[in-house]
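What follows draws every value from the coordinates through simple rules; no lab data is involved. Quick caveat, the model's predicted, so the values are computed rather than measured. Counting neighbours? That spans all protein chains shown, and the Cβs are built from the backbone with ideal geometry, glycine included.
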Amino acid sequence: MTPSLHPTPATHLPLTINDSIVLQSMLGVGAYGSVYKATDSHTGQTYAVKCLSKTGLDSRQRAFQTHESTLHSLVSGHPNVATLHKIVEEDDCLYMVLDCGVEGDLFYTITERGGFVGNDVAIKSIFGQIASAVLHCHSKGVFHRDLKPENIIMFGQSVKLVDFGLATTEQVSSDFGCGSTFYLSPECQGGYVEMVKSYDSAANDVWSLGVILINLVFGRNPWKQACPRDETFSAYILNNDFLQTILPMSTELNEIIKSVFCLNPRKRIPLSDLAKRVQACKQFTTPEFSASFASSSNASAATATIGQSGVAGGTCFVSSAQREDKDQGDSGVDVRSRA
C-alpha cells in the first residue's frame, strides 16, 4: 500500500514496546496498519515494526491480524523472506518486529534508481531470489497473493519478501480480487472467458511473478489489468506473441512469458520450472536493443526507448504514478527505512 504523504501516527513517538524496542518514526501506512522504524535500546539493532491496531475490531478481524503474523512466522527464516523476529501483543495493538531495509523496495529501485534494464545478470539474481522466497513459502503451504515490487525490500544486492496480509494456506481459493490490479491473474478476478468458482493459489502467484519479471527486464508493466476491458491484454489473448511486437523481447524470453501468462492455470508453468528457465535464458532482450542499451548513457534512456513502442491505452510504465492507481483495498504496507 502506498505510504500516506501526511500519515497520522497512531501513537506519540518515541514509544517503547517490549521494554527495549523504541519506535522512532513512521515509514508507511496502509489499510490495516502502520510501519515504524525502531531501534532496540539494548543492542542498537534497527527494525521495522508493523503496528496493527486492534481498536474497534471484532473477533473475526482480530483473527485476521493473527493469521498474518502466524503465516509470516511460518515462512520466516529463509534468506529472502524478511525475518519476523518477534510478535508483541498489547491491549490495543499487535506489533510485528521485522528486518528493516535501508535501500527501499524493488519498486523504488526500478522507478527511481535506474532499475535493471539491460543487466541480465542482475535480473537473474533478483528474480532468482524472489522465486526462491516464493518457492519456500509454497513448500510451507503459504501462498502470498500480493506479490509486487512494493512488497520486495532491497538489502544491498539481496531482496526480502514482506507483507503476508493477503496470504492464505488454501491451495484452492474462492477469495477473489486479492492483490494489486497490475499483478492479478485473470482467474483471481473471477475468470476471463467464463466465471470461475475458485482458483489455484500457487498458479496465481506464478502469474504475478511473470509481471514482476517484465518489470525487471523492461521497467514497465505488460498491461494495466489482465481483464477484457484492457486493450493490451485483449491483444495478447488474440495473439500471444503480441508483447514481442511492442517490447524488445528475445524469442527465448517470449516463450517463457507465454508459459506464465497462460489463461488455463492448469497449463501454466510451475514455479520451479519458471525459476530454472529464467536462469537458463541466454538473453532477455533482442540483440538490437542490447546493442543500443550498451551505447546509451543510462538505463532511463533505454527504458524511454521501450516506451515509444507502446500502444494507445495499453502497456504502461512502472512509474511513481502506479502507486496512485493501486486499489484502495490493498492491505500492503511498505517495510522500508527512509533514513
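At-a-glance table
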| item | result |
| --- | --- |
| Packing-based order for 207-218, 118-129, 177-188, using average beta carbon neighbours within 10 Å, highest first | 207-218, 177-188, 118-129 |
| Whole-Å distance, taken between Cα centres, linking segment 106-150 and segment 177-210 | 18 Å |
| 13 Å reach of a label modelled at VAL172, 7 Å along Cα-to-Cβ, counting backbone N of segment 254-291 | 266 |
| For ARG145, net neighbour charge (Lys/Arg +1, Asp/Glu -1) across residues whose Cβ lies under 11 Å away | -4 |
| Taking N as its residue count, the alpha carbon Rg of segment 78-226 over 2.2 N^0.38 Å | 1.08 |
| Theoretical FRET efficiency, 1/(1+(r/R0)^6), r = Cβ-Cβ of ARG266 and HIS12, R0 45 Å, to 0.05 | 0.25 |
| 20 Å Cα cut-off, lysine pairs counted over segment 185-277 (separation 8 or more, or different chains) | 5 |
| Low-density loop positions, GluC sites (Glu not before Pro), segment 47-91 - DSSP coil, at most 12 other Cβ in 10 Å | GLU90 |
| Fewest-first ranking of ASP105, ASP92, ASP175, using other Cβ atoms within 10 Å as the exposure measure | ASP92, ASP175, ASP105 |
| Karplus-derived 3J(HN,Hα), 6.51/-1.76/1.60, for each residue of segment 111-124, Hz, glycine and proline x | 8, 10, 10, x, x, 10, 4, x, 10, 4, 5, 5, 4, 4 |
| Taking the C-alpha atoms of segment 15-98, convex hull volume expressed per residue in Å³ | 97 Å³ |
| Table column - 3J(HN,Hα) (Hz), segment 80-91, Karplus curve with 6.51, -1.76, 1.60, x for Gly and Pro | 10, 10, 4, 5, 8, 6, 6, 10, 10, 10, 10, 4 |
| Extension gain (nm, one decimal) between GLN24 and SER125, 0.36 nm per residue minus Cα-Cα | 33.0 nm |
| For segment 106-325, radius of gyration divided by Kirkwood radius, i.e. Rg to Rh on alpha-carbons | 0.93 |
